[in-house]
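Taking it in order: structure first as structure tokens, then the write-up.
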Amino acid sequence: PTAMVKITYIEFNGTEHQVDVEEGLTVMEGARDNDIPGIEADCGGACACSTCHVYVDESWIDKLPNIEEMEKDMLEFAYSPDETTSRLTCQLTVTEDLEGLIVRMPEKQI
Ligand code: FES
């Protein structure tokens with residue numbers, strides 16, 4: 001059986017969604033499959049749109065896999081990116097290490 005990983009998505013208005021996401025999916029797919037607003041993912045996960053942008057909770061910054069060059073470049077096109085906390089959720093694969101992850105959506109996607 002595939003492990004389920006708890007992830008909390010917090011909308012800009014403060015609404016929290018705690019959901020179980022199947023390991024192997026991306027954090028973006030977890031939001032999409034649970035109809036969580038605030039992550040648009042226009043390019044479908046190809047790291048080509050930046051509309052899956054979130055701010056990860058400070059406590060998670062060091063626990064996530066390093067940001068790749070492509071993700072870093074694409075983040076520059078996101079709405080109001082933050083140098084330390086911004087990530088593209090389509091580039092974050094869900095593993096057991098992400099149990100309890102908290103992400104916050106920006107005021108808007110581009
Ligand atoms: Fe387009 Fe993540 S879904 S960059």
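The values are calculated or read from the model by the stated rules, or taken from the named source; none is laboratory data. Keep in mind the model is a prediction, meaning the values are calculated, not measured. Please note: Cβ atoms are built from the backbone with ideal geometry, for glycine as well, and neighbour counts cover all protein chains shown.
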Tally time: how many residues in the range 64-87 are touching a Lys or Arg at 6+ places or on another chain (Cβ under 9 Å) and under 21 Å from GLY44 (Cβ atoms)? 4
State yes or no: is ILE10 touching a His at 6+ places or on another chain (Cβ under 6 Å), surrounded by 14 or more Cβ atoms within 10 Å (Cβ to Cβ) and either hydrophobic (A, V, I, L, M, F, W, C) or touching a residue at least 24 places away in the same chain (Cβ under 8 Å) (or both)? no
Looking at the range 86-110 only, could you name the residues that are more than 15 Å from the ligand (Cβ to nearest atom) and either farther than 15 Å from PHE12 by Cα or surrounded by 16 or more Cβ atoms within 10 Å (Cβ to Cβ) (or both)? THR95, GLU96, ASP97, LEU98, GLU99, GLY100, LEU101, ILE102, ARG104
Given (1) within 13 Å of the ligand (Cβ to nearest atom); (2) touching a residue at least 40 places away in the same chain (Cβ under 8 Å); (3) touching a helix residue (DSSP H, G or I) at 6+ places or on another chain (Cβ under 9 Å), number of the condition THR51 does not satisfy: (3)
So which residues in the range 48-85 are among the aliphatic types (A, V, I, L, M) and either in contact with a Gly (Cβ under 6 Å, 6 or more places away or on another chain) or crowded, with 20+ Cβ neighbours inside 10 Å (or both), if there are any at all? VAL54, VAL56, MET74, ALA78
Test result for GLU69, acidic (Asp, Glu), in contact (Cβ under 8 Å) with a residue 40 or more places away in the chain and within 15 Å of the ligand (Cβ to nearest atom): no
Restricting the first residue to the range 98-110 and requiring it to be of a type outside the set (Gly, Ala, Ser), which pairs with a second residue that is modelled with pLDDT under 95 meet a Cβ separation below 9 Å and a spacing of at least six or different chains? GLU99/ALA3
